[in-house]
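Here the structure is laid out as structure tokens; the discussion comes afterwards.
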Amino acid sequence: MNGSSKIIGLLALALALGGCSRGATESVAGGEDFPNTVSAIGVATQEALDSSGTWNLLEDMPLAPPSTSLDESIAPATARIAGRTAQDSSFMKVDLSDTASGIAIVYSTQVTDSLIETDTLAILWNEFAKDAPQGNEQILWAKVRKIQRGSLRSVHQSIEPAGTDTMVTALPGKSNRIRFRQTTSLGIRQVSLDMELDPGTDLSYDTENDNRIFWSRIVHLRGADTLEIDSWRDGDGDSIAVDRSSGKYGVVEFQRIVPTPVKQPLLRRFEEHGRLRVDPRDSTRNQPLRYLRTAEWNSGRVVTERVARPASDSDLVASDTAIVQRLSVLGKDTVRSAFRMLMGPDLSKDTGNRMLSLEVHVHKATGRMLTLSFVSDTPLRDGDPVRTGAVSLVEVRPGQGVFTVNGRMVQGALTARVSDGASLSGTGSWSASGELLLWKPD
């Protein structure tokens, strides 16, 4: 094979190195030696972009904060204290041993064919109301246990005041901020939710459409193994993560950690971080602002991917440019890729994003280096083939010189000037299928 054919093979490989590592398949870009056969450039470049996640990374970003509903935890318990839902299968006990401190403890149990629910509530004791339920409805804290009959499923909930509040009952004139914790168990699996919220203007925690959430954390467990940790918090300084009460857009920062990826056995650990502009009443309108994810593979490879504005590493802006960067490291072998992207007019729709250019840099432990760049004549939509634009390739082989290719692709066909820095230089043309059509040495 002549030197020019080798270089075109390198070009096809370099274009293919843009492939991403998605699902349970670990990308091995940069892990093998460079080929010595001519590849179809048009085909290889198309394959490099077949997975839109390579450059359109935002389609994988989680865009929905957790629910702010409390599973009707407080309202039914309050109603039972007031005697409004008394049933033959329910019973209640009141502990008045600490009324001197202004507290009474109420134990309420309700049994149905499918569920056993036990509520423990501390209420503000009203000396004038004595034991009249209607006068003792201000709850200081509550604990709820639900056991599903005939199964292994159980739910434990804890509700207590947060901030400056001293009770969980929502009343006019106070902040009504509470901390809600819930653990749902099914066999050895558990999901634990921890959040702070308030009930919004209607003073009801159980109507989700106007609750305000300040922060939340969800932990998934299997026995002693932590499967996943998701956390959400305010990202714009107003202390509110999701404000369904006013309906105002807000910025949320999120973090997802998967220390035990049971569904992807080749993956050792996975993390993702990001910022969202959240429409509190329509999650389909949520907008990605920044995104970073890291995957650690059992092979030792670490892949880091990020999306942000290119110059300032700041939040994305509609109809502005962004940079998608990917770094894959295995030992001393590294592959860096950068996709320059034009954001669509609506950040909530990733289908409007376009790719402008790509650059791939491979550095192997042996000292060999390869850099490929491609600048498209027209912005490419998700799934568009790389067909027309400027191509540049530089490969450095220790002790063998520097190989370069500089040219243009038109409808997948390449015309380029080729040089090995020594005896080989000239201009060649190749078809979209990789066939050498013309070679003119210098």
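The values are calculated or read from the model by the stated rules, or taken from the named source; none is laboratory data. All figures in this text were calculated on a predicted structure; none of them were measured in a lab. Reconstructed Cβ throughout: ideal geometry from the backbone, glycine too, with neighbour counts over all protein chains shown. SASA here: full protein model, heavy atoms, side chains in, ligands and nucleic acids out. Shrake-Rupley method; radii C 1.70, N 1.55, O 1.52, S 1.80 Å.
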For ASP165, which sequence-distant residues (separation of 5 or more, or a different chain) have an amide H within less than 5 Å of its own amide H, given hydrogens modelled in the peptide plane?
ARG177
Given a 1.4 Å probe and every protein chain left where it sits, what share in percent of the accessible area of region 317-442 is carbon and sulfur?
56 percent
For region 328-442, dividing by residue count, accessible area per residue (probe 1.4 Å) in Å² works out to 47 Å²
For region 260-368, the Kirkwood Rh over every pair of distinct alpha carbons, in Å, works out to 15.5 Å
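Using +1 on the beta carbon of Lys and Arg, -1 on that of Asp and Glu, and nothing else charged, what's the dipole of region 198-261 about the Cα centre, debye to 20? Provide the component values of the computation, followed by the final result.
Values: 7 positive and 13 negative charges, 48 e Å.
Magnitude of the dipole: close to 220 debye.
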Sort region 157-259 into rounded, prolate or oblate with this rule: let a ≥ b ≥ c be the square roots of the eigenvalues of the Cα gyration tensor; rounded if a/c is under 1.5, and if a/c is not under 1.5, prolate when a/b is larger than b/c, oblate otherwise.
oblate
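Order ASP282, ASP206 by their accessible area, 1.4 angstrom probe, all chains in place, largest first.
Values: ASP282 60, ASP206 35 Å².
The residues order as ASP282, ASP206, largest area first.
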Quick one: which of LYS263/LYS364; LYS248/LYS349; LYS263/LYS332; LYS174/LYS248 span more than 24 angstrom between C-alpha atoms?
LYS263/LYS364; LYS263/LYS332
Could you sort VAL317, VAL242 by their accessible area in this structure, using a 1.4 Å probe and putting the largest first?
VAL317, VAL242
Given the protein chains as shown and a 1.4 Å probe, how many square angstrom of GLU435 are accessible, to the nearest 10?
110 Å²
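Carbon and sulfur atoms: what percent of the 1.4 Å accessible area of region 101-245 do they account for? Walk me through the intermediate numbers first.
Working: 3730 of 7090 Å².
Summing carbon and sulfur atoms, their accessible area is 53 percent of the total for region 101-245.
If you stretched the chain out fully between THR118 and ALA100, how much longer would it get, using 0.36 nm times the residue separation minus the C-alpha to C-alpha distance? Walk me through the numbers on the way to the answer.
Working: separation 18, 0.36 × 18 = 6.48 nm, distance 2.55 nm.
Extra length available between THR118 and ALA100 comes to 3.9 nm.
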Through the Karplus equation 6.51 cos²θ - 1.76 cosθ + 1.60, θ set to phi - 60°, convert the phi angles of region 335-352 into ³J(HN,Hα) values in whole Hz; use x for Gly and Pro.
10, 10, 10, 9, 10, 8, 10, 9, 5, x, x, 10, 5, 6, 10, 5, 5, x
